[in-house]
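Just so you know, all these numbers are worked out from the coordinates, no wet-lab data involved. Since the structure is predicted, the reported quantities are computational estimates derived from the model, not experimental observations. For neighbour counting, all protein chains shown are included, and Cβ atoms are generated from backbone atoms with ideal geometry for every residue, glycine included.
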Amino acid sequence: MPAAVKKLSQLGVPVDGYRLTGIRYIDGRRTAEAGFRDGEGCGMRRTDLHAALSAAVEAAGIPVLERSAERVEQDQDGVAVAGLRARYLAAADGLHSPVRRQLGLGISARSQPRYGLRQHYAVAPWTDLVEVHWGPDLEAYVTPLGPALVGVALLTSERAPYEAQLKEFPALVDRLPQSAATSTRGAGPLRQRSRARVAGRVLLVGDAAGYVDALTGEGISVGLASARALVECVAADRPGDYERRWLAASRRYRWITESLLEVRSHRAGARLIVPAAQRLPRVFGAAVNQLAK
Ligand SMILES: Cc1cc2nc3c(=O)[nH]c(=O)nc-3n(C[C@H](O)[C@H](O)[C@H](O)COP(=O)(O)OP(=O)(O)OC[C@H]3O[C@@H](n4cnc5c(N)ncnc54)[C@H](O)[C@@H]3O)c2cc1C
């Protein structure tokens, strides 16, 4: 999303991917489109983004120690983990954060779990928009990644093979080569809740701090915004301020994504999403651009 592109550029991380100019919703018969008003998004493979982030860390002279964070122990003055001791620990250990679990901060989600499954296809993108194809029970989220590569992620509650679920979208299947260029990888359950972001000297950031869903493509942007807030709080030696800053940095994403998921959770509601976006282009455009900020 444009907000993540902007934040990565400010950090000196080159985002040289496929330029994305907006979002298109499709439900088989209808289409709604909204352009990004303030900057472009970028489609790039996660492995390329990771390489760019690693290079930026190295260029900044930040030492990287490849260790697994197991037991976390803290006292009044500091935190010890993986044989290191520091004043604070920023736990950026992902959706299923072992640190969050160890601190007893996780809250079990009551809603039906959703999963993300992704594949890449060697085909030229047919648009510079991210397409979200809405099915009755799942979405296919298509991202142009390069001159001859697109990514297709399925967001679903079904625990069935990727190929079987993709058949829900015949018009999309027609555009794709018969076999994918990579093997299926997945993540989930996507919704993860934490009762707090701060426990003493440990601060949760990124997906570890809590995640709603991949539907609105906001994870990286919210992660970067809250990482900045975390650094400012720690530098000021005011870790207690971070909870409020995280809530502010993630509020818009949580509100829009939760609302969309609530509508999508009822079959009748799901059928109305694309027609409503088509009939109310200004509202759709405003929602997309709230997320793009
Ligand atoms: C299908 C799908 C599509 C998505 N599409 C988008 C998109 O288009 N745009 C977007 O912005 N976001 C998207 N997201 C969300 C995005 O991937 C996440 O929000 C983002 O990767 C979170 O970054 P993170 O650093 O918090 O966690 P992660 O990227 O999960 O990184 C966590 C890291 O912690 C490491 N780790 C875990 N445990 C330990 C341990 N004990 N010790 C040491 N290290 C450990 C892991 O190995 C991993 O490297 C998508 C997610 C899914 C599932």
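Taking R0 as 30 Å, what FRET efficiency do you get between S183 and Q10 from their Cβ-Cβ distance, rounded to the nearest 0.05? E(calc), rounded to 0.05, equals 0.30. For segment 115-187, the orientation-averaged shadow of the C-alpha convex hull comes to 4.4 nm² (one quarter of the hull surface). Maximal additional length on extending the T31-R238 stretch stands at 69.7 nm, based on 0.36 nm per residue less the C-alpha distance. A full extension of the chain between A55 and R175 corresponds to an added length of 39.7 nm, given 0.36 nm per residue minus the alpha carbon distance.
Across all Cα atoms of the chain, the radius of gyration (one decimal) and Dmax (whole number) stand at 19.8, 61 Å.
Percent of Cα-Cα pairs more than 19 Å apart in segment 211-293, please. Percentage above 19 Å: 47.
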